[in-house]
Each structure stands twice: as structure tokens, then as C-alpha cells.
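Trainee: One structure, as C-alpha cells, below. Some questions next.
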Amino acid sequence: MKTEFILTAEGVNKSFDGFKAINDLNFYLDKGELRTIIGPNGAGKSTFLDLITGRTRPDTGIIEYRGTPVTKLREYEIYRLGIGRKFQTPSVYSDHTVFENILLGLEGSRGVWTSIFGRVTSEQRERIFEVLEIIGLKDRAEVKAGNLAHGQKQWLEIGMLLAQNAQLLLVDEPAAGMTDEETAKTGELLLSLAGQHTIIVIEHDMVFVRQLGSKVTVLHQGHVLCDGTLDEVQNDERVIEVYLGRKKKH
Amino acid sequence: MAGSEVRRLEVWGITIAAVVVLGVLPALNVLLPETNPLHVSDFTINLYGKYLTYAVLAIGVDVLWGFTGLLSLGQCLFFALGGYAFGMYLMLKIGKLGQYKSDLPDFMVFLGYNKLPAHWVPFNSFWFALAAVVLVPGIVALVFGYLAFRSRIRGVYFSILTQALTYGACLMFFRNDFTFGGNNGLTDFKFILNYDVNSAATQRTLYMLSGFLLLGSYVFSRWLTTTKFGKVQRAIRDSENRVLFSGYATSNFKLFVFVYAAVISGLAGALYTPQVGIINPSEMSPEKSLEAVVWVAVGGRGTLIGPIIGSVGVNALKSWATRAYPDLWLIILGGLFVLIVLFMPKGIVGIPGQIRDLRKRFQRRESPVPVPAQGATSPSAE
């Protein structure tokens with residue numbers, strides 16, 4: 001029997017103007033697990049991440065991270081618990097260099113005064129280059145993030161989450177708009193992080209999902225339709241009906 | 001990299017400007033006889049003193065708009081509050097020298113007051129007034145900013161709200177029973193400490209103080225951009241959600257910038273009032289704040305040096321045009337703004353960069369080597 005879930009969501013509901021985005025959602029995640037969430041457009045995937053990270057609040061239900069309810073906390077407080085999020089569209093600070101982007105993500109004080117009077121220590125510098133090494137942008141440290149290729153921006157954003165030492169990484173469509181090669185590299189990156197970090201990946205690209213080879217949860221109309229390995233869910237009647245049916249053509 | 005060279009140019013520019021403004025001009029004013037063609041008149045000193053206070057206001061707008069993405073359309077409120085706070089002291093220093101030979105300011109006699117309202121009494125003290133110049137704009141900004149940022153008011157809603165705030169204050173100050181002189185405001189000043197306000201020496205001192213305030217605001221704002229705070233500030237401008245979801249309480253950062261901008265604007269207002277000789281509610285009207293935004297846009301936002309160039313430049317142009325073409329002045333200002341927005345999105349300061357880009361594009365077109373594939377550059381050029 002598993003003793004500890006890192007993330008649990010029970011009986012979560014959320015509607016926007018009568019539209020039920022999340023409908024009695026129950027979700028459990030083990031520590032160190034890599035989980036992929038798939039589902040058709042409007043299935044509530046991104047809304048689920050919004051609920052975990054405090055961007056929106058559930059109407060009913062409980063979401064707990066390591067036993068702490070997060071549904072009443074503000075975004076930055078949830079972050080400070082160790083939950084990091086990568087947005088669907090790459091959100092990096094385009095006017096800052098790659099180095100500075102990681103610096104702003106770096107674990108440590110987030111106060112106004114410390115940011116005015118603090119200095120970058122050599123330890124922090126080392127840590128930043130460590131992260132840049134992991135995401136493969138070490139030789140681009142002084143480039144402005146706005147000038148990076150699309151895939152590199154995505155990696156940079158993942159790097160910012162690593163710098164903050166987030167235990168739970170929520171990664172929203174990391175492969176969107178990437179070339180095949182970039183997608184494969186992103187997959188390798190995420191796989192190498194699993195274990196030390198717990199990761200939820202939302203993805204549409206089935207090749208990428210297969211590469212990750214993780215347990216897959218299928219969301220449909222804000223509800224968990226089923227979960228299992230990719231092969232299991234692909235052969236599930238209900239899944240074929242709502243989602244994979246039209247995907248199977250190619 | 002070009003960045004450090006630009007920075008060096010900026011340091012040189014500011015140093016030279018500071019020497020000219022704080023050294024050469026006052027020297028030419030004091031040392032040369034009026035007959036000398038190089039003599040700088042008292043009128044000019046006074047005029048430029050006013051521009052310098054405007055430049056501080058523009059720096060306030062720039063740290064908000066250019067560096068934090070907060071377009072405040074009510075920055076003149078804080079300028080005027082500082083001006084009023086100091087104006088109250090100046091009013092009380094008139095003493096019995098007013099039209100009505102009373103201890104009370106003229107407008108109070110006129111409105112039938114027989115006693116100084118309680119909140120005016122402490123303004124007999126110069127130091128209290130000076131504290132009020134900092135604290136009143138600072139506290140108003142703190143309260144308003146706290147409420148606005150806590151409620152996540154952003155973008156255009158923030159702009160509209162700041163405009164509404166200054167408009168509301170303007171209407172309030174227009175009322176006679178608000179005890180700040182109503183429509184006419186505060187005027188007819190005689191003394192600061194025990195110096196004659198209107199003497200050339202006092203005016204020159206005020207001009208110098210304005211110059212030092214501008215230099216100080218510039219240096220502090222520039223220093224702030226080099227700190228991690230400055231990086232967070234620009235990150236908020238470029239992607240506030242990312243900052244929020246990276247664990248920063250962005251509202252605190254915005255509040256700090258908002259209060260800082262209000263305080264320097266208030267100090268500028270306090271120096272403006274004795275140099276112009278009047279402070280009235282029209283200084284709070286929304287157009288005034290919009291004008292300040294225009295200066296920043298013309299000079300180049302997000303540059304700190306741009307707002308200084310913009311505010312002094314546009315106002316010098318205004319002084320000239322209102323005399324030379326009084327009827328066309330507004331058309332000139334409007335036309336200038338339209339041209340800048342259309343063709344020079346980075347303002348006057350951005351011109352060299354624009355020329356460089358144009359030259360590059362030209363060279364690329366002429367080069368026989370094909371341009372590398374687009375994959376290396378960002379597809380999301382917004």
C-alpha cells in the first residue's frame with residue numbers, strides 16, 4: 001500500500017459561466033512519478049493546472065500538496081511550497097538574458113528589500129550554470145531570451161522551474177510548435193528529471209507521449225475518463241470514442 | 001556588445017548635461033553682465049528650472065510605464081500634491097503682506113474664514129511642509145496602489161483608474177470649501193524661509209535644487225535597474241504571470257515602484273510651485289498627466305534618459321511654439337506625437353538604433369549570401 005501521495009485532488013468542480021470545466025475530478029499522484037495527461041480540447045487539462053497553481057479556485061473539492069490544501073493560497077505562496085509551472089505558450093522574459101531568466105527563477109528570497117540590496121553570490125552563479133547545462137543552453141547564457149528559438153524558450157522555462165528546485169513540475173504542452181528533434185530532446189530532458197522531481201505533463205502529441213512512456217490519464221469533459229499505460233488507454237473503448245478515434249487515422 | 005557602449009555614452013551624456021545645467025548655465029547667469037551675448041537671463045533660468053521639475057515627473061512616469069509596464073495616467077496628481085503641500089507653507093509665509101493684511105491667506109479672508117483651519121496650522125513649519133511633500137503623495141500612492149494591485153487591476157484598467165483618481169482629486173480641489181483655494185489655488189508667494197521667493201538668487205537656488213533632484217532621481221532609478229529588483233520589475237512588464245508563478249508577490253514590487261514614483265513626483269511638484277509662483281487644480285487635470293506620458297514617449301520610454309530629453313525638449317518647443325504660433329501649438333504637439341508613435345516607437349533615444357537596423361537590413365538585401373533559415377530566430381516577434 002502506498003503511504004504518500006504528493007498530490008491529491010478529490011471531488012473537484014469548477015465551472016465558468018455555467019460551463020463545467022472540471023467535473024468531480026479525482027486525481028492522485030505518487031512522489032517521483034511522471035504522469036501524462038491527455039484529452040481533447042476543452043477537456044479541462046489547463047484548467048486543472050490553473051486550479052493546482054492557484055490561478056483559479058475550485059467551486060468545491062480539495063486539492064492537497066503533501067497534505068497541505070492549496071486551494072486557498074495565492075500563486076506565489078503555492079510556488080513557495082515547491083510547485084512550479086511551465087505555461088503552454090513559452091513565458092520567458094524576452095528582454096532579459098538567459099542567465100538572468102534563470103537567476104529570477106533561482107530558489108531563495110523573493111522579497112522587495114532583499115532584491116534591492118542582494119547580490120548574486122558565486123554559489124548562485126554556479127547553480128545557474130548547472131541548470132543551463134541541464135537544459136543545454138550553457139553557451140547561450142548572455143543571449144537575450146527573446147532571441148532564442150522557440151524550443152530553446154521552452155527549455156529555458158523548464159530551467160527556471162529547475163532553478164527554483166520545484167518538487168512538482170507542471171508542464172503544459174512542452175512540445176507544442178517544436179520540431180521533431182526538439183521534441184525528442186524535450187522528452188529526454190523530462191525523463192531525466194523524473195524521479196528527483198514529480199512531473200505532470202499535458203500533451204497532445206502522441207509520439208511524444210509514447211516517448212515519455214509514463215502512466216497516462218485521460219481527461220474528458222473535466223472528468224478522469226481512465227488511466228493506465230498508453231497502450232491500455234488507446235485500446236479503451238471510451239477513449240477511442242471520445243478522443244483517439246479520430247487520432248488513429250495516422 | 002553594444003550594450004556597454006550605449007551605457008558609456010549615457011554616462012558621458014549625463015555628466016556633460018549635469019555640468020552644463022548645474023555649473024555652466026548658472027555661472028553664465030551670475031558672472032556675465034546682461035549685455036554679454038552669452039549671458040543667461042533670469043527668465044531662462046526660471047524657465048529651465050520648471051523644465052527640470054517636469055523631467056523628474058517624466059522619470060517617475062518612465063519607471064512605472066517603461067520599466068514596470070504600469071501606464072499611470074495620473075502621475076501629475078502626485079506632482080500637484082507635493083506642490084500644494086509646499087504651497088501651503090508658502091501661503092502662510094506671506095503673513096500680513098497679502099491684499100487683506102490678515103494673518104490668514106487671502107482666499108480664506110475672501111471666503112469669510114476667521115481662523116486658520118486646523119490642518120493648515122502645522123504648515124507654518126518649513127520642515128513639516130517638507131515632510132508632507134514626501135509623505136502626502138507617498139501615502140496616497142501607498143493606499144491607492146495597495147488596493148489596486150491587491151485587486152489585480154492591470155493594463156488599461158489601471159490606466160483608467162489612475163486617470164479617474166487624478167480627475168476626482170482635481171474636482172475636489174476646485175471646490176472652495178475644500179480649503180485649498182479652489183479654482184485659483186495657492187499663489188502670490190513672498191518668502192521661503194526668510195528669502196524673497198522672487199529674487200534672482202532664490203530662483204537660481206531653486207533651479208539648482210531641481211537639477212540636483214533630477215540628477216538624484218536619475219542616478220537612483222538607474223541604480224535600481226541594475227539590481228535584482230530592477231530585473232524583477234522588467235520581468236513584470238514582459239510577463240507578469242511568469243513572475244507571479246515564480247514565487248514573487250508582484251503586487252509588492254509594483255507598490256514599491258508606484259510609491260517611489262509618487263515621492264519623486266511630489267518633490268518635483270514642491271520645487272515647481274515656488275518657481276512658477278502658483279499651484280492650482282488644473283495641474284491635476286488628466287491632460288497634464290497625459291502630457292507627461294507624451295514627453296516620455298517622445299524621448300523614448302524605458303530609457304530614463306529619454307524622458308529627460310522628451311520633457312525638456314517638448315516643453316522648450318512648447319514655449320517657443322506658443323509664442324510663435326499660438327493657434328497651432330496643440331496641432332504641433334498632436335502631430336509630433338502621432339509621428340513618433342507611427343515611425344519612432346522607441347522615441348528620440350531610439351533613433352540611432354533605428355538607423356543601425358535600417359542599415360543592416362539594407363546590407364542584408366545587397367549581400368549575395370542567402371540569409372540563414374528562420375529557425376534560428378524567434379517566431380513570436382510581437
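Trainee: Using a Cα-Cα cut-off of under 18 Å, which lysines could be cross-linked to residue B:228, ignoring same-chain neighbours fewer than 8 residues away?
Mentor: Reachable lysines: A:144, B:254.
Trainee: What does the average come to when, for each residue of peptide A:102-114, you count the partner chain Cβ atoms lying within 10 Å of its Cβ? Please list the in-between numbers first.
Mentor: Values: counts 0, 2, 10, 5, 2, 1, 2, 2, 8, 5, 9, 3, 2.
Across A:102-114, the average partner-chain Cβ count within 10 Å equals 4.
Trainee: How charged is the neighbourhood of residue B:148? Take every other residue with its Cβ under 15 Å from the Cβ of residue B:148, and add Lys/Arg as +1 and Asp/Glu as -1.
Mentor: Taking every Cβ under 15 Å from that of residue B:148, the sum is +3.
Trainee: Would you mind checking the radius of gyration and Dmax of chain B based on alpha-carbon positions, in Å?
Mentor: Every Cα atom of chain B included, Rg and Dmax give 22.8, 86 Å.
Trainee: Please list, in chain and number order, the residues 5+ apart from residue B:188 or on another chain whose amide H is under 5 Å from its amide H, with Hs placed from the backbone.
Mentor: Amide H neighbours of residue B:188, under 5 Å, 5+ apart: none.
Trainee: Same structure, new question: Taking the alpha-carbon centroid of each part, what is the distance from the range B:219-245 to the range B:65-92 in angstrom?
Mentor: 23
Trainee: Of A:201, A:233, A:98, which is the most mobile in a GNM of chain A whose springs link Cα atoms less than 10 angstrom apart?
Mentor: Of A:201, A:233, A:98, the Gaussian network model singles out A:233 as fluctuating most.
Trainee: Rounded to the nearest 500 deg cm²/dmol, what is the calculated helix-only ellipticity per residue at 222 nm for chain B, with -39500 (n - 2.57) per DSSP H run of length n ≥ 4?
Mentor: -23000 deg cm²/dmol
Trainee: Could you tell me how far the Cα centroid of the range B:270-292 sits from the Cα centroid of the range B:5-38, in Å?
Mentor: Result: 26 Å between the Cα centres.
Trainee: For chain A, with a Gaussian network of springs between Cα atoms less than 10 Å apart, report the residue from A:207, A:171, A:216 with the top mean-square fluctuation.
Mentor: Between A:207, A:171, A:216, it is A:207 that shows the largest mean-square fluctuation.
Trainee: How far is helix B:200-226 tilted, in degrees, relative to the longest principal axis of the Cα atoms in chain B, given as a value from 0 to 90 rounded to the nearest 10?
Mentor: Value to nearest ten degrees: 40.
Trainee: Sketch the reach of a paramagnetic label on residue B:124 as a point 7 Å from Cα along Cα-to-Cβ, and name the residues of the range B:163-199 whose backbone nitrogen lies under 19 Å away.
Mentor: Hits in the range B:163-199 for residue B:124 at 19 Å: B:190-195.
Trainee: Hey, fewest Cβ within 10 Å first, where do A:78, B:348, B:160 land in order?
Mentor: The most exposed by this proxy come first: B:160, B:348, A:78.
Trainee: Summarise the partner chain shielding of A:159-169 as one whole number: the mean count of Cβ atoms from other chains within 10 Å of each residue's Cβ.
Mentor: Details: counts 0, 3, 2, 0, 1, 3, 0, 2, 0, 0, 0.
Averaged over the peptide's residues, the number is 1.
Trainee: Rounded to the nearest 0.05, what FRET efficiency do residue A:116 and residue B:114 have when you use their Cβ-Cβ distance and R0 = 51 Å?
Mentor: Working: r = 50 Å, r/R0 = 0.98.
Given R0 = 51 Å and the Cβ-Cβ separation, E is 0.55.
Trainee: Find the relative contact order for chain A and round it to a whole percent, using C-alpha pairs within less than 8 Å whose residues are 6+ positions apart.
Mentor: 26
Trainee: Most fluctuating residue of B:233, B:75, B:99 in a GNM of chain B with Cα springs under 10 Å: which is it?
Mentor: B:99
Trainee: I've got another one for you. Could you put B:333, B:38, B:77 in order, starting from the residue whose Cβ has the fewest other Cβ atoms within 10 Å?
Mentor: B:38, B:333, B:77
Trainee: Right, another one. Return A:48, B:191, B:78, B:180 ranked ascending by Cβ neighbour count within 10 Å, so the fewest neighbours appear first.
Mentor: The most exposed by this proxy come first: B:191, B:180, A:48, B:78.
Trainee: In what sequence, highest mean first, do B:251-259, B:48-56, B:315-323 appear when ranked by Cβ atoms within 10 angstrom?
Mentor: Details: B:251-259: 21.9, B:48-56: 25.3, B:315-323: 14.3.
Listed from highest to lowest mean packing, they are B:48-56, B:251-259, B:315-323.
Trainee: What distance in nm separates the simple spin-label points at residue A:223 and residue A:64, each placed 7 Å from Cα in the Cβ direction?
Mentor: For the pair residue A:223/residue A:64, the computed spacing is 2.5 nm.
Trainee: Name the residue farthest towards the positive end of the dipole of the range A:71-227 from the options A:177, A:226, A:212, assuming +1 on Cβ of Lys and Arg, -1 on Cβ of Asp and Glu, about the Cα centre.
Mentor: A:226
Trainee: For the protein assembly as shown, with the dipole built from +1 on Lys and Arg beta-carbon atoms and -1 on Asp and Glu ones, taken about the Cα centre, which of B:183, A:201, A:156 lies farthest toward the positive end?
Mentor: Of the listed residues, the answer is B:183.
Trainee: To continue, here is another question. Please get the size of the charge dipole for the protein assembly as shown, origin at its Cα centre, with Cβ charges of +1 on Lys and Arg and -1 on Asp and Glu, quoted in debye to the nearest 20.
Mentor: That gives the protein assembly as shown a dipole magnitude of about 920 debye.
Trainee: Roughly what % of DSSP beta bridges within the protein assembly as shown run antiparallel, to the nearest 5?
Mentor: That works out to approximately 60 percent antiparallel.
Trainee: Turning to a different aspect of this structure: Packing-wise, with mean Cβ within 10 Å as the measure, how do B:300-308, B:29-37, B:108-116, A:104-112 rank, highest first?
Mentor: Ranked from most to least packed, the peptides come out as B:300-308, A:104-112, B:108-116, B:29-37.
Trainee: Report relative contact order for chain B in percent, whole number only (criteria: Cα-Cα under 8 Å, sequence separation at least 6).
Mentor: Values: 530 pairs, mean separation 108.6, N = 382.
The normalised contact order for chain B reaches 28 percent.
Trainee: Then there's this: Looking at the range A:5-247 only, what percent of DSSP beta bridges run antiparallel? Nearest 5 please.
Mentor: 55
Trainee: Rounded to two decimal places and with Rh computed the Kirkwood way over Cα pairs, what is Rg over Rh for the protein assembly as shown?
Mentor: Radius of gyration relative to Kirkwood radius: 1.07.
Trainee: Can I ask one more? Please report the relative contact order for the range B:245-330, taking Cα pairs under 8 Å with a sequence separation of at least 6, and give it as a percent rounded to a whole number.
Mentor: Relative contact order here is 12 percent.
Trainee: For residue A:125 and residue A:31, what does the FRET efficiency come to when R0 = 30 Å and r is the distance between their Cβ atoms, rounded to the nearest 0.05?
Mentor: Once the sixth-power term is evaluated, E becomes 0.50.
Trainee: What is the calculated FRET efficiency for residue A:19 to residue B:15, with r their C-beta to C-beta distance and R₀ = 45 Å, to the nearest 0.05? Please report the intermediate quantities before stating the final value.
Mentor: Numbers: r = 61 Å, r/R0 = 1.35.
That pair, residue A:19 with residue B:15, gives E of 0.15.
Trainee: Return the sequence-ordered ³J(HN,Hα) values of the range A:209-222 in whole Hz as given by the Karplus equation 6.51 cos²θ - 1.76 cosθ + 1.60 applied to θ = phi - 60°, using x for Gly and Pro.
Mentor: Whole-Hz 3J(HN,Hα) from phi for the range A:209-222: 4, 5, 4, 5, x, 8, 5, 10, 10, 9, 9, 8, 6, x.
Trainee: Taking K and R as +1 and D and E as -1, what net charge do the other residues with C-beta under 11 Å from the C-beta of residue B:95 add up to?
Mentor: Here the charged neighbours net out to +3.
Trainee: If you don't mind, there's one more thing I want to ask. Go through A:124, B:260, B:124 and say which Cα lies farthest out towards the positive end of the charge dipole of the protein assembly as shown; charges sit on Cβ, +1 for Lys and Arg, -1 for Asp and Glu.
Mentor: B:124
Trainee: I'd like the distance separating the alpha-carbon centroids of the range A:199-220 and the range B:184-207, in whole Å.
Mentor: That distance is 73 Å.
Trainee: Ok, one more. Within a 10 angstrom radius of each residue's Cβ in A:139-146, how many Cβ atoms of other chains show up on average? Whole number is fine.
Mentor: 2
Laboratory data are not the source of any read-out in this text; all were calculated from the coordinates shown. On a predicted model such as this, the values are computed, not experimentally measured, just so you know. Counting neighbours? That spans all protein chains shown, and the Cβs are built from the backbone with ideal geometry, glycine included.
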